[in-house]
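Here the structure comes first, spelled out in structure tokens, and everything after it is commentary.
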Amino acid sequence: MQQQYPFKEIEQQAQQYWEANQTFAAKEDSKKPKYYCLSMFPYPSGRLHMGHVRNYTIGDVLSRFHKMKGFNVMQPMGWDAFGLPAENAAIANKTAPAKWTYENIEHMKTQLKQLGLGVDWNREIATCRPEYYKWEQWLFTELFKKGLIYKKTATVNWDPVDGTVLANEQVIDGRGWRSGALVEKRDIPQYFMKITAYAEELLNDLDKLDGWPEQVKTMQRNWIGKSYGCEVEFPIVGQNGNLKVYTTRPDTLMGATYVAVAAEHALATLAAKDNPKLAEFIAECKRGSVAEADVATAEKKGMATGFFVTHPLNGEQLPVWVANYVLASYGEGAVMAVPAHDERDFEFAKKYNLPIKAVIAPKSWNSQKVTTSYHTSGSNLNEREFPSIAHDGEQSGILNWFDWLDIFSEHGTCINSGKFDGLNFEQSSDAISSALNSKNLGKKRTQFRLRDWGVSRQRYWGCPIPIIHCTKCGEVPVPAEALPVRIPEDVTMDGVGSPIKKDPSFYETTCPTCNGNATRETDTLDTFFESSWYFARYASFDCDTKMVDERAYYWLPVDQYVGGIEHAILHLLYARFFNKLMRDVGLIKNDEPFTNLLTQGMVLKDGSKMSKSKGNTVDPQALIDTYGADTARLFMMFAAPPDQSLEWADSGVEGASRFLKRLWKAAYEHVSLGKVKAYALSNSGRGELTAELKNLRLQLHLTIEKVGDDYGRRHSFNTAISSVMELMNALAKIEATDEVTRSVRQEVLQNVALLLSPIVPHICQALWENLCPASHILCASWPASDKTAMVQDTVEYVVQVNGKLRGNLTVSREASKEVIETLTLAQDFVTKFLVDGTSVRKIIVVPNKLVNVVIG
RNA sequence: GCCGGGAUGGCGGAAUUGGUAGACGCACGGGACUCAAAAUCCCGCGUUGGCGACAACGUGGGGGUUCGAUUCCCCCUCCCGGCACCA
């Protein structure tokens, strides 16, 4: 054994050993419980970043731990290889996106191998390979035939100067990132997947996902957004037909004072026909990005259309406005505005002097005497008198208008609503919807916020959409035997549009149905398409006859999925959707793809996400070169719990490296004294252990329990490491070299190697070779704790007086509550507080923990 | 704007079910070793007062529940992630 910790040598040897022995090659084996551990595959951006190191180390720790626990583990790896950055790099470097991508994959694969991941590289996939995307093209055609994919127009960001569609990311402050031109919204026909047909199941099945973080399930629930409301129709004055809106607050219908439609709404278009000012306003609304965050934070603007609608219940005529805060894509693209009970409507009404009419009061308010209708043009808006108002027992005569509003976006009791007065939310919703129903002007309806998934992209570096357009036969899916539709890889990118859109050899074809001249679809699929089913392909990575074969029955669902919290909604929802689609075409049997989910936090530097644009990246390669993979892995796992963001610190790496050096040194000094068998009770006939060694063994076996629990249940790798550090600190204090001490030291070191091997596998394998030359660490299983070593004779209690720590009390393990109370009251640090006629009011004893004496 | 998270010493974090706040590590200070430095080892290290024993304060801010709150409830501030074409 070398005296210095030779990390380079150790890591190379271990990695060669794993490769030569195919240590991590996964095989179906019904005798063992399977454990499919999947980390989100990387986009091959060029070099590994710290987020990758963190993600893949977490996955590797869990994989290796479960392997030791006797599971049949599969940990695969692949490449999410289509995407926008390849096109940008290709334009910048004048190379083909494919070449750039394949070179990046080669480089990053080398880097990943240096991390020492227990990955089955035989199963490697890259989504840009025809063997892979052939199958999603096949699924696309199947779903198209089933009617689960359809075409409709959708809005995109259009750069009028570059003549290209821009991603939301490429729109900066409403302008194209390259051209600087004002971006326009443009409607083009695109393919959509009917994810809304699965909305109910996607929502309900969240309840089955006990192994998912609650926050992720909540985000998905809110995203799917099932709401119970009412559709209301407002007859349009002087026109045939009604303006339909959807509302979750039918109880406020009597307070509606105007109706607002999106700029894209048909009524807006109609009104703009002979109203140039309105047409200009609509055009203005259509400038800027389509991203919801931009729309929602924009200043609220609107313009009257000149149309009026009739209130379905009270017959009042309400103006129709075009408003930029109404989303065309949600509900009906039109809303009834109730300024008194909706903050956005209120802000809008104030700005444009629209009436505000309060119709809901908190439950305990005296409704009859409340004056409720005001116009914002009044000069004394901010101080209104509301006579006889009692709010939850509190008397108040004057209310600020803004307080009034604050109170009233919640549910309450109807006021100023005629026959609905006095009804609560549920009652008035029922009564108002049935009133609408009887007039045939509305009904109850559930609504999802979730929209169908637009999968068309006007880009080159993606999977071609397998549709042929024939003037006679229409849209014809490419027959299975003609798949894949290959994306040509040898292209030049000029920055203006997609090369395949200008390449007749790609798009000119014949119709599979009538054999006449036809053209191929030149849009490609959203790259989320590829990442929505790769987890299933790993099980059947080499199957060339089916998308997935019966091996998927064995491996699926994924037992543990690990990836960034930023994927909490989109990727994870699409993958769940695809799992159900594949189930429904008979490929797999499970309902949900990922049984357990661990969402890792970001790696930050100076408080913000490491990114090239911010220039605050730390290259993991330098870290591995200087300190080795084990140090990199140890630091990553030690610096923060996996689900929290991790602040990068160079000095912390130094500390991790120091610990491994100390560990190596401790083993070296021990081994250089010669062989010794690990202490165990069965061969303990060497007399009583000293108290010191007994305590060390107690700590060892408590640590074994804690670390197993931290890995398996808590995923708390940082505390697992710190408890092993404490154990090593305790071991370092023992200097004796007699046979018994050495046997206990051997026991500790052997177990430390096992406990740490999921995190720092290379050094642990080398330590084991030296500690136990006859065996191999990969054959060793997870250690069991020795219960007899953990029996303690005494218990230490914390003693509080009035909740403040005042001392400690050591009692025998069997001491009764009464004995503990008596002993506590005999302590000086308790009695000194018993002065001036005070007495003991109460004694609280928390078994094995704490005594609190309440004195008063 | 909406949805979801987060905030604890100089720093990263610990406290697992309401029960010792600050484990473990970093940084820093002192000491040992050394001609010296690095490395290594030992000691100290929330704030304030005190020679000390000890005492008071202390988990983003304000309120509440409790014998006891970093933990539960209400309100607020700031930061992070997502918002459907970045992946």
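Filtered by the rule that a residue be open to solvent by less than 50 Å² (accessible area, probe 1.4 Å), touching a Lys or Arg at 6+ places or on another chain (Cβ under 9 Å) and in contact (Cβ under 8 Å) with a residue 40 or more places away in the chain, the range A:204-225 gives A:Asp205, A:Leu209, A:Gln220, A:Ile224, A:Gly225.
Of the residues making up the range A:600-624, those that are touching a strand residue (DSSP E or B) at 6+ places or on another chain (Cβ under 7 Å) and closer than 27 Å to A:Glu214 by Cβ number 5. Under the condition of being open to solvent by less than 40 Å² (accessible area, probe 1.4 Å), more than 6 Å from RNA strand B (Cβ to nearest atom) and not hydroxyl-bearing (Ser, Thr, Tyr), the residues counted in the range A:716-733 number 8.
Residues that are loosely packed, with under 15 Cβ neighbours inside 10 Å, in contact (Cβ under 8 Å) with a residue 24 or more places away in the chain and of a type in the set (A, V, I, L, M) within the range A:12-53 comprise just one, A:Ala25.
Pull up the range A:134-174, narrow it to residues that are in a helix (DSSP H, G or I) and within 14 Å of RNA strand B (Cβ to nearest atom), then point me to the one that is surrounded by the fewest Cβ atoms within 10 Å (Cβ to Cβ). Filtering first and then ranking leaves A:Glu169.
How do the strands (runs of 3 or more DSSP E) wholly within the range A:756-856 filter down when requiring 1 or more residues that are at pLDDT below 95, exposed (fewer than 13 other Cβ atoms within 10 Å of the Cβ) and among the aliphatic types (A, V, I, L, M): which remain? Step through it out loud before you land on a result.
Working: elements: A:794-801, A:804-812, A:840-846, A:850-855.
Output list reads A:804-812, A:840-846.
I'd like to know if the range A:343-365 contains one or more residues that are open to solvent by 30 Å² or more (accessible area, probe 1.4 Å), closer than 21 Å to A:Cys414 by Cα, hydroxyl-bearing (Ser, Thr, Tyr) and at pLDDT below 90. Within the range A:343-365, one or more residues are open to solvent by 30 Å² or more (accessible area, probe 1.4 Å), closer than 21 Å to A:Cys414 by Cα, hydroxyl-bearing (Ser, Thr, Tyr) and at pLDDT below 90.
Would you be able to say whether some residue in the range A:526-537 is of a type in the set (S, T, N, Q), open to solvent by 10 Å² or more (accessible area, probe 1.4 Å) and touching a Pro at 6+ places or on another chain (Cβ under 7 Å)? No - not one qualifying residue is present in the range A:526-537.
Within the group A:Gly601, A:Gly655, which residue is more than 17 Å from A:Cys37 (Cα to Cα), touching an Asp or Glu at 6+ places or on another chain (Cβ under 6 Å), within 15 Å of RNA strand B (Cβ to nearest atom) and not polar (S, T, N, Q)?
Details: A:Gly655 fails: touching an Asp or Glu at 6+ places or on another chain (Cβ under 6 Å).
Of the residues listed, the single one that is more than 17 Å from A:Cys37 (Cα to Cα), touching an Asp or Glu at 6+ places or on another chain (Cβ under 6 Å), within 15 Å of RNA strand B (Cβ to nearest atom) and not polar (S, T, N, Q) is A:Gly601.
Taking first residues from the range A:826-847 that are without any contact (Cβ under 8 Å) to a residue 24 or more places away in the chain and away from RNA strand B (no atom under 13 Å from the Cβ) and partners that are in a loop (DSSP other than H, G, I, E, B) and open to solvent by less than 70 Å² (accessible area, probe 1.4 Å), the Cβ contacts under 9 Å between residues at least 6 apart in sequence or on separate chains come to A:Thr838/A:Gly856; A:Ser839/A:Gly856.
The set of residues in the range A:500-525 being out of contact with any strand residue (DSSP E or B) (no Cβ under 7 Å at 6 or more places or on another chain), open to solvent by 20 Å² or more (accessible area, probe 1.4 Å) and part of a helix (DSSP H, G or I) consists of A:Lys501, A:Lys502, A:Pro504, A:Ser505.
Does A:Tyr228 meet the test of being in a loop (DSSP other than H, G, I, E, B) and either touching a residue at least 12 places away in the same chain (Cβ under 8 Å) or buried (at least 16 other Cβ atoms within 10 Å of the Cβ) (or both)?
Details: in a loop (DSSP other than H, G, I, E, B): no; either touching a residue at least 12 places away in the same chain (Cβ under 8 Å) or buried (at least 16 other Cβ atoms within 10 Å of the Cβ) (or both): yes.
So A:Tyr228 does not fit the description; no.
Tell me, which residue of the range A:578-592 that is free of Cβ contacts under 8 Å to residues at least 40 places away in the same chain and assigned to a helix (DSSP H, G or I) is most open to solvent (accessible area, probe 1.4 Å)?
First, the residues of the range A:578-592 that are free of Cβ contacts under 8 Å to residues at least 40 places away in the same chain: A:583-584, A:586, A:589-590.
Of the ones still in play, those that are also assigned to a helix (DSSP H, G or I) are A:583-584.
On the way: A:Arg583: 47, A:Asp584: 69 Å².
Out of the qualifying residues, it is A:Asp584.
For the range A:444-458: of the residues being out of contact with any Phe, Trp or Tyr (no Cβ under 9 Å at 6 or more places or on another chain) and over 29 Å from A:Thr545 (Cα atoms), which is farthest from RNA strand B (Cβ to nearest atom)? Working first, answer last.
To start, the set of residues in the range A:444-458 that are out of contact with any Phe, Trp or Tyr (no Cβ under 9 Å at 6 or more places or on another chain) comprises A:448, A:457-458.
Still in the list and also over 29 Å from A:Thr545 (Cα atoms): A:448, A:458.
Numbers: A:Phe448: 8, A:Gln458: 6 Å.
Here the residue is A:Phe448.
When A:Tyr56 is tested against (1) open to solvent by less than 20 Å² (accessible area, probe 1.4 Å); (2) out of contact with any Phe, Trp or Tyr (no Cβ under 9 Å at 6 or more places or on another chain); (3) over 16 Å from A:Cys37 (Cβ atoms), just one condition goes unmet, and that condition is (3). Candidates in the range A:604-628 are the residues that are in a loop (DSSP other than H, G, I, E, B), on the phi < 0 side of the Ramachandran plot and open to solvent by 60 Å² or more (accessible area, probe 1.4 Å); of these, the one that is farthest from RNA strand B (Cβ to nearest atom) is A:Thr617.
Look through the range A:175-199, keep the residues that are open to solvent by 20 Å² or more (accessible area, probe 1.4 Å), in a loop (DSSP other than H, G, I, E, B) and over 30 Å from A:Glu475 (Cβ atoms), and return whichever of them is nearest to RNA strand B (Cβ to nearest atom). Filtering first and then ranking leaves A:Trp177.
The values are calculated or read from the model by the stated rules, or taken from the named source; none is laboratory data. Just so we're clear, the structure is a prediction, and the values are computed from it rather than from any experiment. FYI the Cβ positions are ideal-geometry reconstructions off the backbone, even for glycines, and counts take in every protein chain you see. These area figures cover heavy atoms from the full protein model, side chains too; ligands, DNA and RNA do not enter into them. Shrake-Rupley method; radii C 1.70, N 1.55, O 1.52, S 1.80 Å.
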